[in-house]
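For reference, the structure is listed below as structure tokens.
The values are calculated or read from the model by the stated rules, or taken from the named source; none is laboratory data. Given the structure is predicted, the values throughout are model-derived calculations rather than measurements. Cβ coordinates were reconstructed from backbone atoms using ideal geometry, including for glycine residues, and neighbour counts include every protein chain displayed.
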Amino acid sequence: MNGEPRVGVVVLTHERPAELAHCLAQLVALPERPVIVVVDNGTRGGVAEVVARHPGVTLVRSDRNRGAAGRNLGVGALDTPYVAFCDDDTWWAPGALARALALLDAFPRIGALSARVLVGPEQQPDPTCAVMADSPLAREGLPGPRLVSFMAGAAVMRTQAFREAGGYEPRLFLGAEEPLLALEMAARGWVIVYADEVVTHHHPSAARDLLSRRRLLARNRLWLAWLRLPWPLALRDTLAVLREARAAGVAAVALRAALAGLPWVLAQRRRVPAAVAEDWRRVHHGAGAASVSRRGSGLRPASPAAPPDARRHVR
């Protein structure tokens, strides 16, 4: 890429300086030479020292762990027309960002691309990629399957689309923030596409609190349904979420937490357009919808076009 960089990479990190060091070593070597912004999501120490090894990398410090909304701080530090996202255990393959920008340039309706994720040293495709590739939604002349969500740490977006949609909702913290942002984009006319030829690598960290994540994901999926879906469809989502949450042993606590936030939800409720709701229905409740379990998490969206939440940036 010649001239001024057209893409920035926002890296979200929390308490994993070793992973961040490896991630940055890969990013600074990319032929696209992107602008790189690291968001320290309330880490106790070590991040500044890692970033200081790379003078061209910008560090943005959050005063606390903001969960997924920490990415909003990174986007706020960019003035590039496109933004790619990484977590501290993911990085973009050489040439991937150039390919993503070519697609975004050629298809101005696309607000976000969700990339193909290769996992571990073996570089096995993440099972979610096959799920996204099998989307039931019509392509409508787009370069890949149309989606109703994306993988947060493996997405390249039009900065305008991200900002118009308001970024990640801070109240969610962690879980279901991708589909909520995707609905906001779709409501504004943007489309989300799976791009198999855009590749990112993921070497998963072993540090994860799965039970806490299941609770948050169930609560947030309830909030998402109540915030944006028509009430009949929201009821179907609610019942589906509670069934999965019951199987995961988190139904009662998730429902209590969701109901506690109901005043906020109702105050913020804004139903998406009918066409967007229909896409959601086809993906989550259509004949082809299938529950996808990813890495044994026990609570995942039933959706051939809504990738399961990938969680790497908070404990």
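For the range 124-140, a tally of residues being part of a loop (DSSP other than H, G, I, E, B) and closer than 20 Å to F85 by Cβ returns 1. Kindly establish whether A218 is within 22 Å of L181 (Cβ to Cβ), among the aliphatic types (A, V, I, L, M), in contact with an Asp or Glu (Cβ under 8 Å, 6 or more places away or on another chain) and modelled with pLDDT of 95 or more. So A218 fits the description; yes.
Taking first residues from the range 163-189 that are more than 23 Å from T80 (Cβ to Cβ) and surrounded by fewer than 21 Cβ atoms within 10 Å (Cβ to Cβ) and partners that are modelled with pLDDT under 95 and among the hydroxyl-bearing types (S, T, Y), no Cβ contact under 8 Å between residues at least 6 apart in sequence or on separate chains turns up.
Here is a yes/no grid of residues against (1) modelled with pLDDT under 95; (2) under 21 Å from the mean Cα position of the chain (by Cα); (3) among the hydrophobic types (A, V, I, L, M, F, W, C):
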{"position": "L224", "(1), (2), (3)": "no, yes, yes"}
{"position": "W231", "(1), (2), (3)": "no, no, yes"}
{"position": "R256", "(1), (2), (3)": "no, no, no"}
{"position": "L259", "(1), (2), (3)": "no, no, yes"}
{"position": "L266", "(1), (2), (3)": "no, no, yes"}
{"position": "A287", "(1), (2), (3)": "yes, no, yes"}
{"position": "R312", "(1), (2), (3)": "yes, yes, no"}
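Of the helices (runs of 4 or more DSSP H) lying entirely inside the range 27-111, those containing at least 2 residues that are surrounded by fewer than 16 Cβ atoms within 10 Å (Cβ to Cβ) and over 20 Å from the mean Cα position of the chain (by Cα) span 47-52, 96-106.
Scan the range 245-257 for residues that are part of a helix (DSSP H, G or I) and either surrounded by fewer than 23 Cβ atoms within 10 Å (Cβ to Cβ) or on the phi > 0 side of the Ramachandran plot (or both) and the total you get is 9. Taking P273, is it over 18 Å from S149 (Cβ atoms) and either surrounded by 14 or more Cβ atoms within 10 Å (Cβ to Cβ) or in the same structural domain as R215 (by TED's automatic domain parsing) (or both)? So P273 fails the test.
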